[in-house]
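The values are calculated or read from the model by the stated rules, or taken from the named source; none is laboratory data. The shown structure was predicted, so the numbers you read here are calculated from the model rather than taken from an experiment. Here the Cβ positions follow ideal geometry from the backbone for every residue, glycine too, while neighbour counts run over all protein chains shown. What goes into the accessible areas is simple: the full protein's heavy atoms, side chains included, and nothing from ligands, DNA or RNA. Shrake-Rupley method; radii C 1.70, N 1.55, O 1.52, S 1.80 Å.
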Amino acid sequence: MMSYRRQKPLYPISSYQTHCRRRFRISKRTSFCLSWKKAVITVEAALAIPLFFLAALALFYMIEVMSIRTTIRAGMQYAGKKAAEEAYAKRFVTPGGLEADIVSAIGGERLERSVVVGGSGGIHCEKSRMSVVTGILELRATYQVKLPVPVFAANPVRMEESMRMKGWTGYVRSGFGQGEEETVYVTENGMVYHRDYHCNYLELSIRMVPSAAVEELRNGSQGKYHACERCVHGGAAGEVYITDYGDRYHNSLGCSGLKRTIYAVSLTEAVGKGACSKCSR
């Protein structure tokens, strides 16, 4: 009968168990380190990609702002040249006319899809004026640009473009480099000047009322309404037109008394006109 000798283990039982536990702990620690590194890489990638797109969007936004500024200045040059050509016949400018010329030169569609707040109605030229003495046109256009990212609740940024050119009225030795003067607004037949372009006396708020109620109505200055000398002939119609601060009622909406042209001039050129009691206090 054959006999087998039991081989002696390489390690004692207690040492072998300790060795297995140590290897298990090392393997577990290695697996945890690898998982932690993968998580860090995933977080970095999740942060880096949005930041990259935000940086690219900011770059495109700055390019669009520079493009729209260049475009508006080109439109101002067109409007200024047109006003300079007409300066020989009339040495004044209307802010509404300048705004319309700028929008016409740029294109309403271009402004509507731009970063300009209000699109084609967001360009304002109420600070523009032409000197009746020197014929120098000071053209200023103000507008606001918006941030095209809805995540940020940032307020629109106010921008202003300005240029100065000489009307085609002949050579003037001095006056082109004069200092800043206050701009005021006057009407063709008005007796006062206004410091605010949006003064209630300048903005006509036309409304239609029954002619029978005109006698009892009062305007914003508590004055009565009288018949317009231009359009009321032979009595008032069934419905008449009045304004909040006017003192006449009109039969026709196309009456010249309901239309107002506003001129921007310097304060020193508003000769013989008093200050508006509402906006020039």
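Quick notes on this one:
- Accessible surface calculations at 1.4 Å, restricted to protein heavy atoms, place the stretch 204-281 at 58 Å² per residue.
- Of the GluC sites (Glu not before Pro) in the stretch 220-281, the ones in a loop by DSSP (not H, G, I, E or B) with at most 11 other beta carbons within 10 Å are Glu229.
- Relative to the Cα centre, the charge distribution of the stretch 179-262, modelled as +1 at Lys and Arg Cβ and -1 at Asp and Glu Cβ, gives a dipole magnitude of about 340 debye.
- Rounded percent of accessible protein surface that carbon and sulfur make up, the stretch 46-147, 1.4 Å probe: 63 percent
- Surface accessible to a 1.4 Å probe, per residue, for the residues of the stretch 50-152, Å²: 52 Å²
- The stretch 70-99: trypsin sites (Lys or Arg not before Pro) falling in loop per DSSP and having at most 14 other Cβ within 10 Å: Lys90
- In order along the stretch 135-143, phi translates into HN-Hα couplings of x, 8, 9, 9, 9, 10, 10, 10, 7 Hz, rounded to whole numbers, per the Karplus curve 6.51 cos²θ - 1.76 cosθ + 1.60 with θ = phi - 60° and x for Gly and Pro.
- Rounded to the nearest Hz, the phi-derived 3J(HN,Hα) couplings of the stretch 48-54 under the Karplus curve 6.51 cos²θ - 1.76 cosθ + 1.60 (θ = phi - 60°) are 6, 5, x, 5, 5, 5, 5, where x marks glycine and proline.
- Using a cut-off of 27 Å between Cα atoms, the listed pairs Lys82/Lys259; Lys166/Lys259; Lys166/Lys278; Lys146/Lys259; Lys90/Lys259 include Lys166/Lys259; Lys166/Lys278; Lys146/Lys259 as exceeding that distance.
- Shape of the stretch 79-136, Cα gyration tensor, a/c cut at 1.5: prolate
- In this structure, the amide hydrogen of Met159, modeled 1.01 Å from its nitrogen in the peptide plane, lies closer than 5 angstrom to those of Tyr143, Gln144, Val145, counting only residues at least 5 positions away or on a different chain.
- Percent accessible area from carbon and sulfur atoms, the stretch 191-261, protein chains only, probe 1.4 Å: 47 percent
- Among the trypsin sites (Lys or Arg not before Pro) in the stretch 214-252, those located in a DSSP loop and surrounded by at most 14 other Cβ atoms within 10 Å of their own Cβ are Arg218, Lys224, Arg230.
- Amide H within-cut-off set for Arg248, under 5 Å, with H built and near neighbours excluded: His226, Thr243
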